[in-house]
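Trainee: Encoded as structure tokens, here's the structure I'll be asking about.
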Amino acid sequence: MTTKEMNFDGLVGPTHNYSGLSYGNVASMEHGQLASNPKKAALQGLAKMHTLMSLGIEQAILPPQERPFLPILHSLGFTGSETEILEKAWKTDPKIVMACSSAACMWAANAATVSPSADSNDERVHITPANLITKFHRSFEASTTGLILYRIFNHPAYFAHHYPLPYHPDYADEGGANHTRFCRTFDQPGIHLFVYGRSLDNQNQVLPKKFPARQTDEASKSIARLHRLSPSRIVFAQQNPDAIDAGVFHNDVISVGHQNVFLFHERAFVNTKDVIHQLQNLMEAHCQIPMIPLEVKESEVTLEEAVKTYLFNSQIATLADQTMALIAPQECKNSSSVSAVLQKLIENKNQPIRQVIYQDIRESMQNGGGPACLRLRVVLKKREYDAMNPHVRLTEELYQKLVQWVEKHYRDQLLPKDLADPQLLKEGRQALDELSNLLQLGPIYSFQRMTGPAPPLPEKRS
Ligand code: SUG
């Protein structure tokens, strides 16, 4: 095996629910308080991973985090037995329990920013968990994410783990969802596009009027520095504020790049033409290959329809015969304007995408998460691949085991009011305890650390 791009998908957790927690994420706002089906959600996510695996793409798992997360309730001053803590927090404000119970870590594109060793001047893979401070319910994901990634990529000569950026709005970071790497082939150095919604040092910028801009320019620039990327190979671009106001809360809702292909909406960025020119120039100069820009016009698909269908949250995968496939959400099939664009795309023989595979991930879509939101891309050289924890890689055998595990532990229905049920907490812990053993990750959850063997402290980071 040479260098490969792997997809790490967040396995949907047992508390997957619709709490309407993400202001600015239209689907989350629309579906808040509906009944969810955690079992179906997890099986749909696994089926999507299986599709990718069947296409010959390396696929791996990121386990769900423990939810409800009692340490946050402790830190908010709730005391007593676990049942009492949940009860008191619910009585104080149900939104607190909802936030502590969110399964949002399933959207692994927000877990971290990862850059390949070929692009870094110390030739290591660099990993920075996203601080996710814009949304309270996601702001306590980073420490567990960091620990899980550390347990998976545990070799100091190959992997550099960084702490999340400072927990301050100036450094608000949402991870890989706002970062795209382009390249000729995965083993060669690439170029990077970092997309931000707001910047601190530009007084003249136009900001969204309605919804929050979740990523700052300063956060993106800090990640680029931390990861020791060459400044000459980076484009920093501002998201179109109108797109944010239409529900494009991350850049991966409005563009997707893969190798030298870039599928994007004409209203994705402030001055989209200029962004594309910059990328084209860098591709030619550093990757010796022309970029293939695939622009979708507003007259073809409106921003609103793009947000409804998540066309641009499709995944692009290179197959063994070097053609590409687009893995799109089922919702794209039901939209006449998006179907027409996809038809035109496939007929265009000047680009490598030859097929569209529709995937049903409706449970995730209803919370604003499409195929690309569910995955974190990690490019690994053979030596790095060999050094990672092999037990998180998806195989047919692991897939079957995970399906059984979901069938055994997950509920068919969950309403936000069920989240304070102490039985749900118990069920979740049993499930996650089993899972972390299955994936051989050691104790990664606080409930395991309290009862299990002491973790090796301090976890060494560089
Ligand atoms: O952060 N939804 C997630 C969806 C994240 C999608 N990720 C990417 N685009 N990469 C979010 O808004 C909804 C939770 C709720 O409402 O219950 C939620 O957190």
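Only the coordinates and a few stated rules stand behind these numbers; no lab work does. Note that the coordinates shown come from a computational prediction; the quantities given were computed from them, not determined experimentally. Because the Cβ atoms are built from the backbone with ideal geometry, glycine has one as well, and the counts that use them run over all protein chains shown.
Trainee: Using Cα-Cα distances under 8 Å and only pairs 6 or more residues apart, what relative contact order does segment 317-462 have, in percent?
Mentor: Values: 79 pairs, mean separation 22.8, N = 146.
About 16 percent, as a whole number.
Trainee: Also, I was wondering about something else. Quick check on the exposure proxy: order F159, F447 from fewest to most C-beta atoms within 10 angstrom. Don't jump to the answer; show the numbers that get you there.
Mentor: Details: F159 22, F447 17.
Ascending Cβ contact count within 10 Å gives the list F447, F159.
Trainee: Quick check: net charge around H258, other residues with Cβ under 11 Å of its Cβ, Lys/Arg +1 and Asp/Glu -1? List each step's numbers first, then the result.
Mentor: On the way: positive: R181, R377; negative: E5.
Once all neighbours under 11 Å are counted, the net charge is +1.
Trainee: From zero outward in steps of 10 Å, how is the percent of C-alpha pairs of segment 1-146 spread across the bins?
Mentor: 10, 33, 34, 16, 6, 1
Trainee: Something else about it: Over the alpha-carbon set of segment 3-448, work out the extent along each principal axis and list the three values in angstrom, largest first.
Mentor: That gives 62, 47, 42 Å along the principal axes, largest extent first.
Trainee: Would you mind ranking E363, E5 so that the residue whose beta carbon has the fewest other beta carbons within 10 Å leads the list? Walk me through the intermediate numbers first.
Mentor: Values: E363 22, E5 18.
Lowest to highest Cβ neighbour count: E5, E363.
Trainee: Which angle between 0 and 90 degrees, to the nearest 10, do you get for helix 217-226 versus the longest principal axis of the chain when only C-alpha atoms count?
Mentor: For 217-226 against the chain, the angle is about 90 degrees.
Trainee: A follow-up question, please. Under the definition of Cα pairs under 8 Å and six or more residues apart, what whole-number percent is the relative contact order of segment 1-61? Please list the in-between numbers first.
Mentor: Values: 68 pairs, mean separation 27.0, N = 61.
Taking the mean separation of contacting Cα pairs over the length of segment 1-61, I get 44 percent.
Trainee: Also: Could you please rank Y445, Y167, placing first whichever residue has the fewest other Cβ atoms within 10 Å of its Cβ?
Mentor: Details: Y445 23, Y167 13.
Starting with the residue having the fewest Cβ neighbours, the order is Y167, Y445.
Trainee: Still on this structure, please answer the following. Rounded to the nearest 5, what % of the DSSP beta bridges within the chain are antiparallel ones? Numbers along the way, then the final one.
Mentor: Numbers: 26 of 51 bridges.
That works out to approximately 50 percent antiparallel.
Trainee: Also, I was wondering about something else. Per residue, what volume in Å³ does the convex hull of the Cα atoms of segment 258-363 enclose? The partial results should precede the final answer.
Mentor: Working: hull volume 11.8 nm³, N = 106.
Value for segment 258-363: 111 Å³ per residue.
Trainee: What percent of all Cα-Cα pairs in segment 128-254 falls into each 10 Å bin, going from 0 up to the bin containing the maximum distance?
Mentor: All Cα pairs considered, the percentages come to 13, 40, 36, 11, 1.
Trainee: Now, a different point. Return one quarter of the surface area of the convex hull spanned by the alpha-carbon atoms of segment 41-115, equal to its mean projected area, in nm².
Mentor: Numbers: hull surface 27.0 nm².
Its Cα hull, projected and averaged over all orientations, spans 6.8 nm².
Trainee: For segment 305-462, give the share of DSSP beta bridges that are antiparallel, in percent and rounded to the nearest 5; count only bridges with both residues there.
Mentor: Working: 4 of 10 bridges.
Bridges in segment 305-462 are about 40 percent antiparallel.
Trainee: About the Cα centre, and with charges only on the beta carbon of Lys, Arg (+1) and Asp, Glu (-1), how big is the dipole of segment 3-448? Nearest 20 debye, please.
Mentor: Values: 43 positive and 47 negative charges, 44 e Å.
Result for segment 3-448 is approximately 220 debye, rounded to the nearest 20.
Trainee: Using helices alone, I'd like the mean residue ellipticity at 222 nm for the chain: each DSSP H run of four-plus residues gives -39500 (n - 2.57), total over residue count, nearest 500.
Mentor: Details: 16 runs with 151 residues, N = 462.
So the helix-based figure for the chain works out to -9500 deg cm²/dmol.
Trainee: Counting DSSP beta bridges in segment 190-331, what percent are antiparallel, to the nearest 5?
Mentor: In segment 190-331, DSSP labels about 45 percent of beta bridges as antiparallel.
Trainee: Suppose a student asked you for the relative contact order of segment 38-185, using Cα pairs under 8 Å spaced at least 6 residues apart; what percent would you report?
Mentor: Details: 173 pairs, mean separation 29.5, N = 148.
Reported relative contact order: 20 percent.
Trainee: Same structure, new question: For segment 314-397, what D do you get in µm² per second when you plug the Kirkwood radius from alpha-carbon pairs into Stokes-Einstein at 37 °C and 0.692 mPa s? Display every interim value, and only then the final one.
Mentor: Values: Rh = 15.0 Å.
The estimated diffusion coefficient comes to 218 µm²/s.
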